[in-house]
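Input: a single structure, listed below in C-alpha cells.
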Amino acid sequence: MLTDPFGRTVDYLRISVTDRCDLRCTYCLPKGFKGFSIPKEWLTIEELGRVAAAFARLGTKRFRLTGGEPLLRKGLVDLAAEINRQPGVEDISLTTNGTQLEKHAHALRQAGVRRLNISLDSLRRDCVTNITGSDCLPQVLDGIKAAKEAGFERIKINMVPLKGVNDMDLDEMVAFCMEHGFILNLIEAMPMGTTGQAHAKVSLQPVLEELRQKFDLSPFEGKIGGGPARYWQSENNGFTLGLITPMSQHFCATCNRVRLSATGNIHLCLGQEDKAPLRDLLRDNCTDAELDQAIRDAIAMKPEKHEFVENPKKIIRVMALTGG
C-alpha cells in the first residue's frame, strides 16, 4: 500500500483524461479562457492505462475518471475497461457534466464503470445557462435519464451552491433526487484560480441544519464510496445527502487520494503546488519498477493539508487543468 508521510493510506486515484470542457462554469473556468494544454501534451490512453496499472500494483483500489469533461476524450471507454481488468481494483467511477452522457452511458457501464457523479447546479434552465455559459439543461437531463436506464450502481448529483445564484434551488434539487433515487452531493466552492476566488462563498453548515430539519436527516455512519463526503439520510424516504466541505470543515486528516492530470503530473493536494511529473519518464520507456518508484517518491511528497482558508489567493491554476 502507498502511505504518505503522515500515515495516510493513498488508495484512490483520480485520472484526468483531458483539461478541455464543453462548458464554462463560472466557478471553474474564466470566461474566454484559452490556456489549455495541446493534445500532444496529454498522456495517451495507453500511457494513462499504464499509470493506472502501476497504482493498482501498489494497492490502489479506487479510480475515478475526470476532466475537464472526460467524455470528450476518445478512448475513454477503452481506458475504463483496461483499469477494470487490473487485479485488486474494486471501484471505477466517473465525474461528468452530463452533456455527452446520453451517447456513452451504456458503453461506460459495460466497460466496468460502477458509479457516476453528474454535475448539475440547478433545474432552472436560465440558471444553468448562466452558470455554465451554455443552454445545456435538456442535454444534461437526457444524459441523466440514459445513465439511470444503464443501471449504474449509484448516481450522485453534484451541486455547488452559490450565494444569490442557485442557493434558492436546494429544495427543488432535493425533491428531484428523491424522485429518482439519486444522492445529492453539495460541494463548497474552492478558491481555485481567479474564478473560484471571485465567488461569494457558501458555508454548508447552516445549509445542512436547514435541510436536516426540513427532510428529517440523520448522520449516516456507513461508507458510501471512497471520497471525502459526509452523509445524512432520511429514514422516511431513503434520501441521502452528501456534503463536501473543504472550506468550513476540511477533511485533510483522512485524505486518501491524489490526482493525475491529463499531461501526466501527479497533483498531491488541490490546495498546494506539490506535483510529480510522469510524462517524460513514460516516454523514455521506463521500466515498471522505475514507474512504481516514481509513484512512491511522489506520495512521499504529499503535504499535510491545504491552505484554502489561510491563503485563499495561493492557487492560481484553474480546476480543469488540475483534474476534477
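Could you state the orientation-averaged shadow area of the convex hull built on the Cα atoms of the stretch 81-132, in nm² to one decimal?
If I average the Cα hull's projected area over directions, I get 4.2 nm².
Leaving ligands, DNA and RNA out of it, report the carbon-plus-sulfur percent of the accessible area of the chain at a 1.4 Å probe.
C and S fraction of accessible area: 50 percent.
Kindly point out, ordered by number, any Cys in the chain whose beta-carbon has no other cysteine beta-carbon under 4.7 Å away.
21, 127, 136, 177, 252, 255, 269, 286
Measure nothing fancy, just the Cα-based angle from helix 137-150's long axis to the longest principal axis of the chain, in degrees from 0 to 90, nearest 10.
The answer is roughly 70 degrees.
Report the full-extension gain for the segment residue 283 to residue 209: residue separation times 0.36 nm, less the Cα-Cα distance, to one decimal in nm.
Residue separation times 0.36 nm, minus the Cα-Cα distance, leaves 21.5 nm.
Note down the relative contact order for the chain as a percent, whole number, built from C-alpha pairs under 8 angstrom at least six residues apart.
23 percent
List the residues whose amide H sits under 5 Å from the amide H of residue 15, counting only those 5 or more places along or on another chain, with H placed 1.01 Å from N in the peptide plane.
Counting only residues 5 or more places away or on other chains, the set is 64, 65, 66, 260.
How would 145, 103, 156, 34 rank on accessible area, largest to smallest, probe 1.4 Å?
34, 103, 145, 156
Set Lys and Arg Cβ to +1 and Asp and Glu Cβ to -1, take the dipole of the chain about its Cα centre, and tell me which of 131, 277, 164 lies farthest positive.
Toward the positive end, the furthest listed residue is 277.
Please express the shape of the chain as an equivalent ellipsoid: the semi-axes are the square roots of 5 times the eigenvalues of the C-alpha gyration tensor, given largest first in whole angstrom.
Here the semi-axes work out to 30, 22, 21 Å.
Would you mind checking the tilt of helix 204-215 against the longest principal axis of the Cα atoms of the chain, expressed as 0 to 90 degrees and rounded to 10?
The angle comes out at about 50 degrees.
For the residue pair residue 114 and residue 237, what label-to-label distance in nm results when each label sits 7 Å from Cα along the Cα-to-beta-carbon direction?
Label at residue 114, label at residue 237, 2.8 nm between them.
Can you tell me the equivalent ellipsoid semi-axes for the stretch 69-217? Use √(5λ) from the Cα gyration tensor, largest first, whole Å.
So the three semi-axes of the stretch 69-217 are 28, 18, 16 Å.
Report, in degrees rounded to the nearest 10, the 0 to 90 angle that the Cα long axis of helix 288-299 makes with the longest principal axis of the chain.
50 degrees
Looking at the chain only, what percent of DSSP beta bridges run antiparallel? Nearest 5 please.
Percent antiparallel among DSSP bridges in the chain is about 30.
Helix-derived [θ] at 222 nm for the chain: sum -39500 (n - 2.57) over DSSP H runs of at least 4, divide by residue count, nearest 500?
-9500 deg cm²/dmol
Could I have the simple spin-label model distance between residue 216 and residue 292, label points 7 Å from Cα toward Cβ, reported in nm to one decimal?
Placing both labels 7 Å beyond Cα along the Cβ direction yields 5.3 nm.
Keeping every protein chain present and rolling a 1.4 Å probe, give me the accessible area per residue for the chain in Å².
So the chain comes to 43 Å² accessible per residue, rounded to a whole number.
Please state the charge dipole magnitude for the stretch 1-117, taken about the Cα centre, from unit charges on C-beta atoms (+1 on K and R, -1 on D and E), reported in debye and rounded to the nearest 20.
180 debye
Rounding to the nearest 20 debye, state how big the charge dipole of the chain is about its Cα centre with +1 on each Lys and Arg Cβ and -1 on each Asp and Glu Cβ.
Roughly 380 debye for the chain.
Starting from 0 in steps of 10 Å, tell me what percent of the Cα-Cα pairs of the stretch 19-121 lands in each bin.
In order of increasing distance, the bins hold 14, 45, 32, 9, 0 percent.
Convert each backbone phi in the stretch 262-271 into a coupling constant with the Karplus relation 6.51 cos²θ - 1.76 cosθ + 1.60 (shift: θ = phi - 60°), then list the ³J(HN,Hα) values in order as whole Hz, x for Gly and Pro.
4, 8, x, 9, 7, 8, 8, 7, 4, x
Given a Förster distance of 51 Å, report the FRET efficiency between residue 3 and residue 172 from their Cβ-Cβ distance, rounded to the nearest 0.05.
Once rounded, the FRET efficiency stands at 0.75.
Between residue 179 and residue 126, how high is the FRET efficiency from 1/(1 + (r/R0)^6) when r is the Cβ-Cβ distance and R₀ = 25 Å? Nearest 0.05.
So, using R0 = 25 Å, E works out to roughly 0.70.
The values are calculated or read from the model by the stated rules, or taken from the named source; none is laboratory data. Everything quoted here is computed from the prediction, not taken from an experiment. Quick reminder, even Gly has a Cβ in these numbers, built from the backbone with ideal geometry, and neighbours come from all protein chains shown. Please note that ligands, DNA and RNA were not included when accessible areas were found on the heavy atoms of the full protein model with its side chains. Shrake-Rupley method; radii C 1.70, N 1.55, O 1.52, S 1.80 Å.
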